[in-house]
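Here's the structure we're looking at; comments come further down.
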Amino acid sequence: MNNLNKTIFIATATILLGGVSISIVSANSARDAIIEGFVDEAGMEASAERGKILFESNIGDGKPDTPSCTTCHGATALKTGMTRAGKVIEPMAVSKNPERFIDLKKVSKWFRRNCKSVLGRECTPQEKADFLTYMKSK
Amino acid sequence: MFHNTNSLKMSLALLLLTTPATFGDERYDPVRSEIVLKECGACHMAFQPQMLPKRSWDRIMQELSDHFGEDASLDADTKEQIEAYLDKNAADSGWWGGKFMRGVKDNMTPLRITQTPHWIREHDDEISAQALAAAKSRANCVACHPRANRGDYDDD
């Protein structure tokens, strides 16, 4: 590469990578704000450990076809899952899927639905904070 | 009107291209609503509304909090928009009478496409145990019909 080409290449790469890192930074801050909202509501610190237990436990208090989050989401947060209708669900772990949990409306919709399906009730703010903190840590 | 055979041919070709549903045997208008594709398609293929009568869609949309064993509830505004699209494109929405109305009696409100007489006749026990295990569910049309998303089931 001659010097001009090299300069153009570096400039392009900087712009592109800069764009990517800016979008990850803004996704991270959007997610952190959502988690913080639930922590505030709960009035106590979130626990990734409790979030893991919530995600992986066989709860069985909701609808019979969905006893656990892992029924559809795959055995661990890092794995892909599958809906009962055969559609692939991308992993829940933020490391695997950086677009997770950055839209409060979407997060609220799925908590409402899936907590009712698995636990037979809405999740508490503390459970939501724990769950998201765990997914963020994975 | 036609000055030469070429323009006649081109017009015929255009006519054929723009009216696929008339000629294909098992072709349906693909879902054209972004909100239907996004919301219904989050868990399963967004089925073409031509596959159930209006009364079926109405009942499905009234029972979203227990949607075949899961909570699929929606906010009121989203629900209304989806209902409008389903009603407008349901099997019995046009004057021609959709294929999926065949054999559906007035007192029948099928809640699953796979329980309609047309679906049953078309599949006629041809789904093997292996094919069903791979698809995981009869609701997974694309497992066997790769162009099902586009409303094209003309592959068998």
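Quickly run through the range A:98-121 and pick out the residues that are among the polar types (S, T, N, Q) and surrounded by 16 or more Cβ atoms within 10 Å (Cβ to Cβ). Answer for the range A:98-121, where residues must be among the polar types (S, T, N, Q) and surrounded by 16 or more Cβ atoms within 10 Å (Cβ to Cβ): A:ASN114, A:SER117. The sole residue among B:ALA139, B:ALA72 that is within 20 Å of B:GLU34 (Cβ to Cβ), buried (at least 17 other Cβ atoms within 10 Å of the Cβ), within 14 Å of chain A (Cβ to nearest Cβ) and not β-branched (Val, Ile, Thr) is B:ALA72. Looking at (1) basic (Lys, Arg); (2) free of Cβ contacts under 8 Å to residues at least 40 places away in the same chain; (3) in a helix (DSSP H, G or I), find the lone condition where A:ARG84 falls short. Here A:ARG84 meets the rest and fails (3).
Filter the range A:84-97 for residues that are open to solvent by less than 60 Å² (accessible area, probe 1.4 Å) and closer than 26 Å to A:SER29 by Cβ and give the result.
Initially, the range A:84-97 is screened for residues open to solvent by less than 60 Å² (accessible area, probe 1.4 Å), giving A:85-86, A:89, A:91-94, A:97.
Of everything in the range A:84-97, those that are open to solvent by less than 60 Å² (accessible area, probe 1.4 Å) and closer than 26 Å to A:SER29 by Cβ turn out to be A:ILE89, A:PRO91, A:MET92, A:ALA93, A:VAL94, A:ASN97.
When each of A:THR66, A:THR71, A:THR124 is tested for being open to solvent by 50 Å² or more (accessible area, probe 1.4 Å), within 11 Å of chain B (Cβ to nearest Cβ) and in contact (Cβ under 8 Å) with a residue 24 or more places away in the chain, the lone residue that passes is A:THR71. Among the residues of the range A:74-83, the ones that are open to solvent by 30 Å² or more (accessible area, probe 1.4 Å), touching a Pro at 6+ places or on another chain (Cβ under 9 Å) and within 14 Å of chain B (Cβ to nearest Cβ) come to 1 in all.
All of (1) over 17 Å from B:ILE60 (Cα atoms); (2) modelled with pLDDT of 95 or more; (3) crowded, with 17+ Cβ neighbours inside 10 Å hold for B:PRO117 with one exception: (3). Among (1) open to solvent by 30 Å² or more (accessible area, probe 1.4 Å); (2) more than 10 Å from chain B (Cβ to nearest Cβ); (3) part of a loop (DSSP other than H, G, I, E, B), which single condition is A:LYS52 missing? For A:LYS52, the exception is condition (3).
Going through B:LEU132, B:LEU86 one at a time, which residue ends up being away from chain A (no Cβ under 14 Å) and either within 16 Å of the chain's Cα centre (by Cα) or in a helix (DSSP H, G or I) (or both)? Walk me through how you get there before you give the answer.
On the way: B:LEU132 fails: away from chain A (no Cβ under 14 Å).
The unique qualifying residue is B:LEU86.
The values are calculated or read from the model by the stated rules, or taken from the named source; none is laboratory data. The shown structure was predicted, so the numbers you read here are calculated from the model rather than taken from an experiment. Counting neighbours? That spans all protein chains shown, and the Cβs are built from the backbone with ideal geometry, glycine included. Just so you know, the surface numbers come from the protein's heavy atoms only, side chains and all, with ligands and any DNA or RNA stripped out. Shrake-Rupley method; radii C 1.70, N 1.55, O 1.52, S 1.80 Å.
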